[in-house]
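To start, the structure itself, in structure tokens.
The values are calculated or read from the model by the stated rules, or taken from the named source; none is laboratory data. Since the structure is predicted, the reported quantities are computational estimates derived from the model, not experimental observations. Here the Cβ positions follow ideal geometry from the backbone for every residue, glycine too, while neighbour counts run over all protein chains shown.
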Amino acid sequence: MLSLMRVKETEQRISDAIASALKVEVEIIDSNLVRVAGTGKVRAGVGDRLLRGLVNKHVLQTGKHVVISDPGNHPICRSCPLSRDCFYLAYIVYPLCAEDKVIGTISLVAFDAEQKKTLTNNTETLVDFVGRMADLITAKVTEQEMVKERIIMANRLEAVVDSVYEGVLAIDEQGSITHFNRSAERMLGIKKNKVLGKAIQDMFGTNMPLLDVLKEGKGFKSKEYFINFGGKKLHFWITAKHIRSEEDGSAGVVATFRDFREAQKLAYQIVTTQEAMGFNDIIGDSEAINEVKFKAAKIARSNSTVLIVGESGTGKELFARAIHTDGAESQKPFVPINCGAIPEHLLESELFGYEEGAFTGARRGGKPGKFELANGGTIFLDEIGNMSLYLQAKLLRVLQERQIERVGGTQMLSVDIRVIAATNNDLQEMVIKGRFREDLYYRLSVIPLVIPPLRERAEDIPLLLNHNMRRFNRLLGKNIQGFSGEAMQICQEYHWPGNIRELINAVEYAINLEEERLILPESLPPRIRHTKESQSLPVHPVEIKPLEQLEKEAISNALDSYGWTDEGKKRAAVALGIGRATIYRKINKYQLNERHNK
């Protein structure tokens with residue numbers, strides 16, 4: 001709200017100047033009839049409220065000026081008790097208007113005959129003059145109000161900037177630091193009064209890229225920078241925006257920055273949907289599985305590297321997650337990656353990340369790898385036996401030095417991670433054959449953990465069947481109560497070569513097909529039923545080849561047909577009904593090559 005009180009010192013100076021120039025007295029009152037400024041006889045009453053002020057009230061209400069040359073006889077004065085004894089001999093009262101409102105009045109007052117003569121002989125000129133003075137005063141009031149609003153807005157902006165989690169740093173067109181919020185103080189370890197007004201190059205050298213933005217007039221978004229400051233090497237994500245002035249172009253640069261590790265943790269929290277998995281979530285009560293769970297629970301308390309060994313589908317990742325959940329860093333990231341499902345030329349960038357421009361197709365700004373995303377937590381390297389010797393050497397360096405280097409990068413990045421690896425291969429045999437580094441094997445197998453196959457823990461089969469039955473009942477909206485005696489017997493006698501993964505798929509299959517209260521043998525997958533039926537069939541003297549031999553021959557024949565090139569391998573994989581990554585893994589497993597095949 002506009003108030004004359006905010007500029008009362010200015011109003012008093014204007015009143016004194018007018019009084020000195022015109023040889024009359026001046027009085028300024030506000031909308032509450034409080035005298036804000038005055039000269040001569042009324043000066044002593046500045047700050048007091050007028051007791052009557054009928055003329056001023058009239059001007060405040062009408063917004064029109066009034067000239068009174070004969071006080072007491074003017075219509076406005078007739079109701080005043082001092083109409084016959086008014087100490088004002090003549091006066092001109094002019095409204096002070098701002099934003100279409102009357103906020104007060106300014107009066108030229110005569111207390112003696114000489115002053116009255118001045119007012120009455122030059123009335124028209126003085127009305128015009130006092131009108132200009134009124135405009136000057138209201139302009140000052142409006143200006144002061146705008147300054148006040150700007151100060152309030154600046155304080156609000158400062159409060160908002162200080163409250164954001166990101167560091168905020170701004171420079172003007174000369175490169176001097178103008179803003180430095182509390183988060184910036186925290187991240188850089190320096191108070192803003194030590195940096196405000198300083199040239200950014202004096203504080204940060206060439207590390208902070210804001211001068212380039214100022215010079216080129218073009219900002220950037222979410223770029224990674226290493227800042228050497230205060231004897232420390234700091235790692236930030238920085239976004240910078242060039243600020244332009246309508247009058248003269250560049251007005252400066254505003255940058256926000258976030259600690260790189262904190263940004264990684266936030267990204268992990270946003271993208272991960274996995275719930276925490278503890279040892280109580282691993283179904284089974286057999287002696288074999290309880291022994292492994294007991295050992296794994298003790299392992300979880302340390303930060304040592306773990307190698308989990310077991311057939312495909314035994315639940316190696318479940319154990320890895322449980323070890324992480326029961327460990328000291330359970331609130332930190334758990335990042336899994338299947339080393340056998342990603343082609344070698346992509347696996348390196350997935351694990352170690354890459355810099356911008358490291359290769360064709362590398363995205364702008366680069367990309368952090370799984371080791372960086374897992375920093376502070378756990379990385380789970382599944383199917384570690386499928387990793388190439390080249391990547392094995394890089395992994396060994398990570399385990400030894402706890403540092404990584406991105407593809408195409410030059411900076412060594414420190415990582416604090418726990419590595420849990422898993423394989424269904426015999427790594428010792430692979431070491432003998434030269435397909436796995438011996439030094440890496442010993443680094444990984446600090447604490448080996450062997451997961452028994454399902455056939456060695458047959459007493460857990462009913463528990464697993466019923467647990468997954470209830471699970472798929474909820475997912476599929478069914479109400480199946482259990483397994484018939486014959487169906488349960490078939491499942492318990494089945495060999496389960498795919499282990500728990502195969503069992504889960506079998507239960508999902510049966511729940512989808514079964515319409516009765518219990519799961520009957522007819523609803524089980526054909527491969528499980530046929531195994532039971534084949535046990536009662538007579539044995540024929542036919543040559544039985546191992547499945548691995550048949551698989552090896554099938555892959556070799558397909559590659560001979562389609563060719564051993566990358567395109568040929570891709571077509572062979574389609575023909576065999578397997579994925580591209582799988583055929584590469586099998587070629588590596590059976591050590592197949594064109595020369596060997598011939």
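Of all residues being aromatic (Phe, Trp, Tyr) and either in a loop (DSSP other than H, G, I, E, B) or touching a strand residue (DSSP E or B) at 6+ places or on another chain (Cβ under 9 Å) (or both) in region 227-262, which is modelled with the lowest pLDDT? Just the residue, please.
Step one: filter region 227-262 for residues aromatic (Phe, Trp, Tyr), giving 229, 236-237, 257, 260.
Among the residues that remain, those that are also either in a loop (DSSP other than H, G, I, E, B) or touching a strand residue (DSSP E or B) at 6+ places or on another chain (Cβ under 9 Å) (or both) are: 236-237, 257, 260.
Working: Phe236: 80, Trp237: 76, Phe257: 83, Phe260: 71.
If we take residues in region 227-262 being aromatic (Phe, Trp, Tyr) and either in a loop (DSSP other than H, G, I, E, B) or touching a strand residue (DSSP E or B) at 6+ places or on another chain (Cβ under 9 Å) (or both), then Phe260 is modelled with the lowest pLDDT.
Determine whether region 348-361 contains at least one residue that is within 24 Å of Leu307 (Cα to Cα), part of a strand (DSSP E or B) and either outside the structural domain of Lys221 (by TED's automatic domain parsing) or among the polar types (S, T, N, Q) (or both).
Here is the first cut: in region 348-361, the residues within 24 Å of Leu307 (Cα to Cα) are 348-353.
Okay, now just the ones that are also part of a strand (DSSP E or B), so none.
For region 348-361, residues within 24 Å of Leu307 (Cα to Cα), part of a strand (DSSP E or B) and either outside the structural domain of Lys221 (by TED's automatic domain parsing) or among the polar types (S, T, N, Q) (or both): absent.
Only residues in region 216-237 that are small (Gly, Ala, Ser) count as the first member; pair them with residues that are modelled with pLDDT under 80, Cβ under 8 angstrom, at least 6 apart or cross-chain, and list the lot.
Gly217/Arg244; Gly217/Ser250; Ser222/Trp237; Ser222/Gly365
Please verify whether region 24-38 includes one or more residues that are among the hydrophobic types (A, V, I, L, M, F, W, C), in contact (Cβ under 8 Å) with a residue 40 or more places away in the chain and either part of a helix (DSSP H, G or I) or surrounded by fewer than 17 Cβ atoms within 10 Å (Cβ to Cβ) (or both).
Applying the first criterion (among the hydrophobic types (A, V, I, L, M, F, W, C)) to region 24-38 yields 24, 26, 28-29, 33-34, 36-37.
Subset that is in contact (Cβ under 8 Å) with a residue 40 or more places away in the chain: 24, 26, 28-29, 36.
If we keep only those that are either part of a helix (DSSP H, G or I) or surrounded by fewer than 17 Cβ atoms within 10 Å (Cβ to Cβ) (or both) as well, we get none.
The answer is no, given that none of the residues of region 24-38 is among the hydrophobic types (A, V, I, L, M, F, W, C), in contact (Cβ under 8 Å) with a residue 40 or more places away in the chain and either part of a helix (DSSP H, G or I) or surrounded by fewer than 17 Cβ atoms within 10 Å (Cβ to Cβ) (or both).
Does at least one position in region 506-517 carry a residue that is touching a residue at least 40 places away in the same chain (Cβ under 8 Å), over 30 Å from Leu399 (Cβ atoms), out of contact with any helix residue (DSSP H, G or I) (no Cβ under 9 Å at 6 or more places or on another chain) and surrounded by fewer than 19 Cβ atoms within 10 Å (Cβ to Cβ)?
no
Would you be able to say whether some residue in region 8-19 is under 16 Å from Lys116 (Cα atoms) and assigned to a helix (DSSP H, G or I)? Full working, then the answer.
First pass over region 8-19, keeping only residues under 16 Å from Lys116 (Cα atoms): 18-19.
Cutting the leftovers down to assigned to a helix (DSSP H, G or I) gives us 18-19.
Checking region 8-19: at least one residue is under 16 Å from Lys116 (Cα atoms) and assigned to a helix (DSSP H, G or I).
Only one of (1) surrounded by 17 or more Cβ atoms within 10 Å (Cβ to Cβ); (2) at pLDDT below 90; (3) part of a loop (DSSP other than H, G, I, E, B); (4) not charged (D, E, K, R) fails for Gly313. Which number is that?
It fails just one condition, (2).
Please state which of the following conditions Gln481 fails to meet, knowing it meets all the rest: (1) touching a helix residue (DSSP H, G or I) at 6+ places or on another chain (Cβ under 7 Å); (2) farther than 25 Å from Thr314 by Cα; (3) not assigned by TED's automatic domain parsing to the domain that holds Ser312.
Failing condition for Gln481: (1).
Please determine, by comparing only the residues of region 316-346 that are modelled with pLDDT of 90 or more and basic (Lys, Arg), which one is farthest from Ala374 (Cα to Cα).
The selected residue is Lys316.
Where in region 362-474 are there strands (runs of 3 or more DSSP E), lying fully within it, with 2 or more residues that are under 31 Å from the mean Cα position of the chain (by Cα), crowded, with 19+ Cβ neighbours inside 10 Å and at pLDDT 90 or above? Full working, then the answer.
Details: elements: 378-382, 403-405, 412-414, 418-423, 447-450.
Once the strands (runs of 3 or more DSSP E) in region 362-474 are filtered for at least 2 residues that are under 31 Å from the mean Cα position of the chain (by Cα), crowded, with 19+ Cβ neighbours inside 10 Å and at pLDDT 90 or above, what remains is 378-382, 418-423.
Could you identify the single residue in Ile417, Ile432 that is of a type outside the set (Phe, Trp, Tyr) and touching a residue at least 40 places away in the same chain (Cβ under 8 Å)? Step through it out loud before you land on a result.
On the way: Ile432 fails: touching a residue at least 40 places away in the same chain (Cβ under 8 Å).
That would be Ile417, the only listed residue that is of a type outside the set (Phe, Trp, Tyr) and touching a residue at least 40 places away in the same chain (Cβ under 8 Å).
Which of the residues that make up region 435-450 are touching a Leu at 6+ places or on another chain (Cβ under 9 Å) and in contact (Cβ under 8 Å) with a residue 24 or more places away in the chain?
First, pick out the residues of region 435-450 that are touching a Leu at 6+ places or on another chain (Cβ under 9 Å): 435-437, 439-441, 443-449.
Scanning region 435-450 gives Arg435, Phe436, Arg437, Asp439, Leu440, Arg443, Leu444, Ser445, Val446, Ile447, Pro448, Leu449.
Taking the criterion of being touching a strand residue (DSSP E or B) at 6+ places or on another chain (Cβ under 7 Å) and modelled with pLDDT of 85 or more, would at least one residue in region 268-279 satisfy it?
Looking through region 268-279, none of the residues is touching a strand residue (DSSP E or B) at 6+ places or on another chain (Cβ under 7 Å) and modelled with pLDDT of 85 or more.
Is one or more of the residues making up region 307-327 free of Cβ contacts under 8 Å to residues at least 40 places away in the same chain and either in contact with a strand residue (DSSP E or B) (Cβ under 8 Å, 6 or more places away or on another chain) or not aliphatic (A, V, I, L, M) (or both)? First the steps, then the outcome.
Looking only at region 307-327, we keep the residues that are free of Cβ contacts under 8 Å to residues at least 40 places away in the same chain, and these are none.
No; the residues of region 307-327 include none that is free of Cβ contacts under 8 Å to residues at least 40 places away in the same chain and either in contact with a strand residue (DSSP E or B) (Cβ under 8 Å, 6 or more places away or on another chain) or not aliphatic (A, V, I, L, M) (or both).
Does any residue in region 53-82 that is under 26 Å from Asn121 (Cβ atoms) come within less than 6 Å, Cβ to Cβ, of a residue that is loosely packed, with under 12 Cβ neighbours inside 10 Å six or more places away or on a different chain, and which pairs are these?
Taking only residues 6 or more apart or on different chains, the pairs are Gly72/Arg84.
Being of a type in the set (Ser, Thr, Tyr), surrounded by fewer than 20 Cβ atoms within 10 Å (Cβ to Cβ) and under 60 Å from the mean Cα position of the chain (by Cα) is the filter here; which residues of region 58-108 pass it?
Going through region 58-108, the residues of a type in the set (Ser, Thr, Tyr) turn out to be 62, 69, 79, 83, 88, 91, 94, 105, 107.
Subset that is surrounded by fewer than 20 Cβ atoms within 10 Å (Cβ to Cβ): 62, 69, 79, 83.
Matches in region 58-108: Thr62 only.
For region 184-226, how many residues meet the condition of being in a loop (DSSP other than H, G, I, E, B) and modelled with pLDDT under 80?
Initially, region 184-226 is screened for residues in a loop (DSSP other than H, G, I, E, B), giving 189-191, 195-198, 205-209, 217-219.
Remaining after also requiring modelled with pLDDT under 80: 205-209.
Counting residues in region 184-226 that are in a loop (DSSP other than H, G, I, E, B) and modelled with pLDDT under 80 gives 5.
Based on what the data block shows, is Lys332 among the basic types (Lys, Arg), outside the structural domain of Lys221 (by TED's automatic domain parsing) and within 23 Å of Ala296 (Cβ to Cβ)?
On the way: among the basic types (Lys, Arg): yes; outside the structural domain of Lys221 (by TED's automatic domain parsing): yes; within 23 Å of Ala296 (Cβ to Cβ): yes.
Here the answer is yes, as Lys332 does meet what is asked.
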